[in-house]
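Trainee: Just passing along the structure, written as structure tokens.
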Amino acid sequence: METHQEILEESLGVPLGNGDKSGHLFSQKSSDDLTDDTYWTEKVDWLHQMQDLYIRNLKEVL
């Protein structure tokens, strides 16, 4: 990943990180309270957008 770190950070909009806090690299958090079900539809949409972003950019780079 280090070879592609700069371009991935730019295209994903987050730093590589070290995976310590979340256990994941390129970790992003959604805002709002996920225990409040009024946000669930919005959060599912956000998760799909993030999935598409990551898959598209990882396929291009790796």
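Trainee: Within the bounds of region 20-27, is there any residue that is at positive phi and surrounded by fewer than 11 Cβ atoms within 10 Å (Cβ to Cβ)?
Mentor: Applying the first criterion (at positive phi) to region 20-27 yields 23, 26.
From the residues that got through so far, the ones that are surrounded by fewer than 11 Cβ atoms within 10 Å (Cβ to Cβ) too are 23.
Yes, because at least one residue in region 20-27 is at positive phi and surrounded by fewer than 11 Cβ atoms within 10 Å (Cβ to Cβ).
Trainee: Let me ask something additional. Name the residues in region 34-62 that are more than 28 Å from Gln5 (Cβ to Cβ) and either exposed (fewer than 10 other Cβ atoms within 10 Å of the Cβ) or β-branched (Val, Ile, Thr) (or both), would you?
Mentor: Thr35, Asp36, Asp37, Thr38, Thr41, Val44
The numbers here are math on the coordinates, done by the rules we state, and not lab data. Worth saying up front: this structure is predicted, and the values here are computed from it rather than measured. Positions of Cβ are generated from backbone atoms using ideal geometry, with glycine treated the same way; all protein chains shown enter the neighbour counts.
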